[in-house]
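None of the figures in this text is laboratory data; all of them are computed from the coordinates on show. Model, not experiment: these values are computed from the prediction. Cβ placement follows ideal geometry from the backbone for every residue including glycine, while neighbour counts extend to all protein chains displayed.
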Amino acid sequence: MVSRTRGSASLPKIGMKISKQAQRDARQLFRSCQVNGLLDEGRIRQAVSLLLSQKPRGYVAILSRLHRLVKLDVERHAASVVSAGPLAADFSAEISARLGRIYGAGVNISFSENPALLGGLRIQVGSDLYDGSVRAKLERLKQSF
């Protein structure tokens, strides 16, 4: 962060501290854009365009905080399932159902393959990581010696 000194008022201040009011406003906007606990993209777009047209005090900070909240929500509802080989359809459906029960109905699940795992699954939902792969178990075994 660039700090200002008395004689140099023309230096830009990099980094922005968001006021508590802007944080409250952004949280309230974020909650109003949810329908049944899931984020509605249309409502987010509408809220952003309304903010940009009205430009209330601190609207840039509100937009910044709202962007962060939306980004965190999208990450929280994104799941990645990586397996060593192709999964059977019934097994992938079971994984989808379990993740839906644990994280809610709005989880977007992507399946992929990585032969380097050697076997097992690696599931990541937001910041939660469940690594039951053979490779991870071998790494833990290696670390214990």
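General observations
- Taking amide hydrogens as placed 1.01 Å from N in the peptide plane, the amide H of residue 113 sits under 5 Å from those of 83, each at least 5 positions away in sequence or on another chain.
- Sequence-ordered 3J(HN,Hα) estimates for the range 19-35 from the Karplus curve with 6.51, -1.76 and 1.60 and θ = phi - 60° stand at 5, 4, 5, 5, 5, 4, 4, 5, 5, 5, 4, 4, 5, 6, 8, 9, 10 Hz, glycine and proline given as x.
- Label zone of residue 131 (point 7 Å out along Cα→Cβ, amide N under 19 Å): in the range 58-97 this covers 79-85.
- Between residue 46 and residue 145, the FRET efficiency from the beta-carbon distance, with R0 = 41 Å, is close to 0.10.
- The chain: relative contact order as a whole-number percent, Cα under 8 Å and 6+ apart: 19
- Local net charge near residue 34, Cβ-Cβ under 12 Å (Lys/Arg +1, Asp/Glu -1): 0
- Spin-label pair residue 118-residue 90: with each label point 7 Å from Cα along the Cα-Cβ axis, the two points sit 2.9 nm from one another.
- Taking amide hydrogens as placed 1.01 Å from N in the peptide plane, the amide H of residue 78 sits under 5 Å from those of 108, 126, each at least 5 positions away in sequence or on another chain.
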